[in-house]
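Colleague: Below is the structure I would like to discuss, written out as structure tokens.
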Amino acid sequence: MQSFVYEALPTRVVFGSGTASQLRPEVERLGVRRVLVLSTPGRGEVQAREIAALLGDLSCGVHAGAVMHTPVDATETALQVVRELGADAVVAVGGGSTTGLGKAIALRTDLPQIVLPTTYAGSEMTPILGETKDGVKTTQRTLKVLPEVVIYDVDLTMGLPPAIAATSGMNAMAHAVEALYAKDRNPITSLMAEEGIRSLARSLPEIADDPQDRTARADALYGAWLCGTCLGSVGMALHHKLCHVLGGTFDLPHAETHTIVLPHAVAYNAPAAPDAMERIARALGVTDAAQGLFGLAGRLGAKQALRDIGMPADGIEQALEATLAAPYWNPRPLEEQALRDLLTRAWNGDPPPA
Ligand code: NAD
């Protein structure tokens, strides 16, 4: 018998097509009256204005100032807007960058948050906030940043370009993969992890073939929700450590980095986590988890080499040093030469070892 602790997180989730229309009733349910809608600039702002229109007189404005990796400067600017407009809640419409800004505001003000995710990053389901200041990223875990309400509306994801859907979906899978071998894994989170991987592995190729396939888009969003819940529930390991180091040190794009590193981190951990490997492979419908993930990324047309997304060749030693200096718990002990080999393969775009 396995003893375990499972802690459910208290987010209310509304899921479906056309569910953005539930925003106003959800705002009323929270009892707030001056809602600030957040987004990234450009296309995100257009979507945010449409969402603000749904709120009518309950919206006090739009702030399209979200930036990747939640820089504290951007948060301070947003806090000024919150104060000037007298906002009593925030609505984040967008990917992990916009959700991050909503969380950073909630951390400092306790304002309630409603999130309408438009990517598969999964941040909306976690009590985790990563912020950057002077180029250094620090991450904290506190229920203060967990959104009160998440409205998943598949319609908001229909325009997500297949290339971003692919890497964002692989980013989501990474949360579920590491949940299956987490130190504090439990049977409930593992159920969600396997189902999340299965949903995404099936739907992402369908989206690549037909971006307007609404059923596939809904399956991917459902999978992303499950994977985000995994990230919020249990600890992450080597894969997330490597991605944080690579993203932070070389300013690499978040989801692409996850997509490239994942098969290699899984191959590294395979000997130490046979049960997890069996479940990942079963969810992917393959015999080998690492090869299956590498094959899926290839099938989706994603970039598979760190050198192709901006990592310098001489960065391998730097990344290795940073990973070993402050490691996360991992099922397999960190071995310098094996990690160097892992990073070298990922940099070259080679498949993981069979
Ligand atoms: P993102 O939010 O930066 O979005 C990526 C790009 O896609 C942006 O240019 C955005 O404008 C565009 N986009 C978003 N939705 C779109 C849509 N429906 N159609 C067209 N374009 C769209 O990236 P992301 O990958 O969603 O999130 C990455 C960030 O989230 C990172 O900063 C990462 O650290 C953070 N994150 C945090 C957690 C957490 O639990 N704290 C979890 C996952 C990711």
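The values are calculated or read from the model by the stated rules, or taken from the named source; none is laboratory data. Fair warning: this is a prediction, and the values are worked out from it, not measured in the lab. Cβ coordinates were reconstructed from backbone atoms using ideal geometry, including for glycine residues, and neighbour counts include every protein chain displayed. Only protein heavy atoms, including side chains, enter the accessible area calculation; ligands, DNA and RNA are left aside. Shrake-Rupley method; radii C 1.70, N 1.55, O 1.52, S 1.80 Å.
Colleague: So the check is Cβ under 6 Å with 6+ separation or different chains; which pairs have a first residue in region 121-138 that's under 12 Å from residue 232 (Cβ atoms) and a second one that's more than 9 Å from the ligand (Cβ to nearest atom) and assigned to a helix (DSSP H, G or I)?
Modeller: 122/224; 122/227; 125/229; 127/143
Colleague: Residue 327 - would you say it is loosely packed, with under 12 Cβ neighbours inside 10 Å and more than 20 Å from residue 259 (Cβ to Cβ)?
Modeller: no
Colleague: I would also like to ask the following. Of all residues in region 17-43, which are within 23 Å of the chain's Cα centre (by Cα), in contact (Cβ under 8 Å) with a residue 60 or more places away in the chain and open to solvent by less than 20 Å² (accessible area, probe 1.4 Å)?
Modeller: 19, 20, 23, 38
Colleague: Further, regarding this structure: For the structure I just gave you, tell me whether residue 149 is away from the ligand (no atom under 14 Å from the Cβ) and closer than 27 Å to residue 111 by Cβ.
Modeller: Yes; evaluated as a whole, the condition is true for this residue.
Colleague: For region 128-144, what are the residues that are near the ligand (Cβ under 8 Å from one of its atoms) and open to solvent by less than 60 Å² (accessible area, probe 1.4 Å)?
Modeller: Listed by number, the residues that qualify are 128, 129, 130.
Colleague: Go through (1) buried (at least 18 other Cβ atoms within 10 Å of the Cβ); (2) out of contact with any Cys (no Cβ under 6 Å at 6 or more places or on another chain) for residue 122 and report which single condition fails.
Modeller: Exception for residue 122: condition (2).
Colleague: Of all residues being out of contact with any strand residue (DSSP E or B) (no Cβ under 7 Å at 6 or more places or on another chain) and of a type in the set (A, V, I, L, M) in region 1-16, which is least open to solvent (accessible area, probe 1.4 Å)? Just the residue, please.
Modeller: 9
Colleague: Continuing with this model, one more query. So residue 79 clears everything in (1) open to solvent by 70 Å² or more (accessible area, probe 1.4 Å); (2) more than 11 Å from the ligand (Cβ to nearest atom); (3) within 23 Å of residue 129 (Cβ to Cβ) except one condition, right? Which one?
Modeller: Only one criterion in (1) open to solvent by 70 Å² or more (accessible area, probe 1.4 Å); (2) more than 11 Å from the ligand (Cβ to nearest atom); (3) within 23 Å of residue 129 (Cβ to Cβ) is unmet by residue 79, namely (1).
Colleague: Just to be sure I understand, how many residues within region 236-255 are assigned to a helix (DSSP H, G or I), open to solvent by 30 Å² or more (accessible area, probe 1.4 Å) and either more than 10 Å from the ligand (Cβ to nearest atom) or on the phi > 0 side of the Ramachandran plot (or both)?
Modeller: 2
Colleague: Please work out if residue 157 is open to solvent by less than 10 Å² (accessible area, probe 1.4 Å), among the polar types (S, T, N, Q) and within 14 Å of the ligand (Cβ to nearest atom).
Modeller: yes
Colleague: Here's a check for you: in region 82-109, which residue that is more than 15 Å from the ligand (Cβ to nearest atom) and part of a helix (DSSP H, G or I) is nearest to residue 129 (Cα to Cα)?
Modeller: Here the residue is 108.
Colleague: Checking the condition among the β-branched types (Val, Ile, Thr) and outside any helix (DSSP H, G or I), which residue from 167, 132 passes?
Modeller: Answer to the check: 132.
Colleague: Could I ask something else about it? I'd like to check something: does region 9-21 contain any residue that is assigned to a loop (DSSP other than H, G, I, E, B) and either farther than 30 Å from residue 235 by Cα or among the small types (Gly, Ala, Ser) (or both)?
Modeller: yes
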